[in-house]
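One structure below.
What follows draws every value from the coordinates through simple rules; no lab data is involved. A quick note: this is a predicted structure, and the numbers were derived from the prediction, not measured. Here Cβ is always computed from backbone atoms with ideal geometry, including for glycine, and neighbour counts include all displayed protein chains.
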Amino acid sequence: MRKYIILIIIFVAVAYGNTLFNNFVGDDNYTVYKNAFITSWKNLPSVFSKQYLSTSDNIVLNSYHRKEYGAGEITYRPVATLSYMLDYSSWKLNAFGYHLTNLLLHTLNAILVYVFVLLLAKNNPLAFFSGLIFGAHPLATEAVNSISAREELLVVFFLLSAFILFIHYKRQSGLKKNLLYPASCLLFFLGLFSKETAIVFPALIMLYDFLFEFNCEIKKVFSNFKRYAGYISIAIFYLVIYFFVFSPQVQKSIPYANGSLYTQFLTIAVIFSRYISTFLAPLNVAIIPSFYYPLVKSILDYEVFISILFLFLLVVGVIKSYRRSRPIFFAMLWFFIAILPVSNIFFRLANMFALRYVYFPLVGLSIAAAIVIMKFVNFPAIKKISPSADKVVMLFVVGLCIAVTVPQNIAWRNDFTFGQNQVAYYPYIAEPYQAIAKHYFERGYFQKSIDNLKMSLKYKPIDSLSYNDMGVCYFELGMFDEAVKALNIAIQIRPDFIEAHYNLGIIYLNKKDFHKAAEFFEKTIKFDPLYTEAYNNLAVSYIQIDRREDAIKMFEKALEISPHHELVEANLKALTESLQEKN
């Protein structure tokens with residue numbers, strides 16, 4: 001057993017070791033890099049209060065290093081946030097440490113897959129192969145590379161650990177039995193508060209009992225229902241917390257994909273098909289842009305027809321496996337059950353299609369693939385031709401996975417490589433160009449940033465964020481008129497766009513049009529009463545138009561929000577001293 005675990009660690013390190021050299025990318029900038037919430041343990045009480053949740057607007061505001069507008073999460077995932085706080089206390093903003101945590105979690109998960117299958121099938125080579133496929137497969141690249149997707153890693157870690165303890169609990173007696181069950185329940189609890197997709201865990205353990213413990217007798221599942229009572233009670237408690245205490249800060253009504261319920265289900269079929277086909281033939285793994293989903297209109301579309309046919313044949317195969325191979329049936333149902341919360345069947349997610357969603361279901365796919373391959377290579381005819389066929393095939397499959405995974409990790413190196421990878425596969429989507437623009441902006445290449453923002457607007461013409469960022473770039477280049485024009489368009493698209501109002505105030509302050517500057521800073525604090533810098537700059541504008549008493553009030557208000565703010569304190573001190581000299 002130790003030998004297999006050491007080999008899994010080595011193979012996972014080969015496949016994902018280069019992630020340690022990657023930077024913060026994509027949503028990491030909001031969740032970690034520019035999220036002031038995780039930088040102080042003083043915010044720990046807020047993790048357990050309604051102050052934890054952020055709106056989509058708050059997440060953008062967080063990124064400007066101003067004030068904690070929640071934890072940067074629109075749903076309640078406190079365990080993931082606590083992990084970021086722990087990382088920050090050790091590594092500050094060194095991306096290496098955060099990636100190291102992700103890599104360690106993924107490695108542990110691959111080992112847990114091995115242990116789980118060993119308990120399930122009592123077959124060391126099969127368990128080892130399952131752990132290797134899970135650990136090396138490129139379908140896991142988003143979950144492992146994206147720090148903001150760490151909740152996926154945590155869910156698998158806690159749920160597999162809980163499942164393993166559940167299996168051991170039934171085989172023990174006395175004190176051990178009494179300790180293992182609550183420990184398993186606690187791990188399920190932590191999984192739920194890592195991400196809501198863990199809610200399906202009770203269904204998975206009941207499926208396991210039905211197939212392997214009760215010989216497919218459904219009556220025994222219900223007659224032993226008390227063994228699930230702890231998990232179900234925790235699930236009910238979580239649902240109350242999730243929906244009534246920490247109601248998700250998401251758009252309440254997201255339109256159907258491509259416009260109707262009919263096209264919604266066609267889109268779901270295509271997405272499911274892409275997930276499974278990417279697992280089976282992972283040569284074209286790509287970073288999927290945010291909010292992207294396939295554009296389908298009719299069942300007669302080629303990809304839709306092929307996807308539905310593929311899924312139909314797959315379901316038929318899964319049903320047949322019920323009699324022929326219960327482990328395969330269990331593994332495939334694991335996939336379908338685990339993906340249900342992110343399937344878009346029950347409600348429409350803002351992101352319909354994301355490879356990180358398949359990390360938890362990947363456990364089932366890895367086990368099913370390992371079983372099928374091992375059955376094939378162990379046919380007597382194959383063994384006769386090559387006694388070591390199982391080892392050769394195992395090395396080939398894992399080697400192929402690693403060959404795709406390693407370069408795919410490089411695509412996550414920084415925002416530029418991140419955007420370039422998406423542009424290569426999805427050239428008509430706006431978001432990749434925004435990522436590249438951000439990369440150029442942070443390195444001072446403002447014209448290149450503008451060029452990419454223009455490409456973004458070509459495919460998403462009504463986008464206030466792109467116009468705002470373009471205005472900031474023009475400002476940095478000293479092109480104030482172009483900056484004002486771009487920012488005004490951003491405000492036309494979205495009149496309450498806080499950052500655009502603030503940026504216009506900064507431009508007019510630099511142009512020494514202090515009345516106009518004050519006007520925009522006043523609008524900024526109207527929309528965001530906690531914007532410290534807006535109060536400071538409004539006070540500076542008031543001083544220039546001889547409204548010194550009002551300026552003092554604005555400085556004092558800024559200090560109420562951000563006590564000991566050095567710039568505000570210095571400005572207030574200078575103003576009061578000048579007033580004293582006059583008097």
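A few remarks follow.
- Converting phi to 3J(HN,Hα) with the Karplus coefficients 6.51, -1.76 and 1.60 and the offset θ = phi - 60°, the range 168-178 yields 5, 4, 6, 9, 10, 9, x, 4, 4, 4, 5 Hz in sequence order, with x at every glycine or proline.
- Bridging of residue 219 to aspartates and glutamates at a Cα separation below 16 Å is possible for 209, once same-chain residues fewer than 8 apart are set aside.
- Volume of the Cα convex hull of the range 416-582, divided per residue and given in Å³: 120
- Using alpha-carbon coordinates, inclination of helix 362-377 to the longest axis of the chain, degrees: 30
- Nearest 10 degrees, 0 to 90: helix 78-91 Cα axis against the chain principal axis: 70
- Each of 528, 496, 469 was scored by other Cβ atoms within 10 Å of its Cβ. Arranged with the fewest first, they read 496, 528, 469.
- The HN-Hα couplings worked out from phi for the range 141-148 by the Karplus form 6.51 cos²θ - 1.76 cosθ + 1.60 (θ = phi - 60°) are 4, 5, 4, 7, 7, 8, 4, 5 Hz, whole numbers, x standing for Gly and Pro.
- In the range 2-409, Rg over Rh equals 0.96, where Rg is the alpha-carbon radius of gyration and Rh the Kirkwood radius from pairwise Cα distances.
- Our coupling estimate for the range 496-513, obtained by passing each phi through the Karplus curve with A = 6.51, B = -1.76, C = 1.60 and θ = phi - 60°, is 9, 6, 4, 5, 5, 4, 4, 5, 5, x, 4, 5, 5, 5, 5, 7, 6, 9 Hz, Gly and Pro reported as x.
- Relative exposure of 115, 14, 392, 144, judged by other C-beta atoms within 10 Å (fewest first): 392, 14, 115, 144
- Burial ranking of peptide ranges 454-463, 103-112 (average Cβ count within 10 Å, highest at the top): 103-112, 454-463
- Between residue 227 and residue 239, the modelled labels are 2.3 nm apart [label points 7 Å from Cα along Cα→Cβ].
- Taking the number of Cβ atoms within 10 Å of each Cβ as an exposure proxy, the fewest-first ranking of 566, 519, 151 is 566, 519, 151.
- Mean-position separation - Cα centroids, the range 166-235 and the range 532-583, in angstrom: 61
- Stretchable slack from residue 176 to residue 94, in nm (0.36 nm times residue separation minus alpha-carbon distance): 25.4 nm
- Amide H contacts of residue 73: 54, each under 5 Å away and 5 or more positions distant or on a separate chain (H built 1.01 Å from N in the peptide plane; Pro and chain starts excluded).
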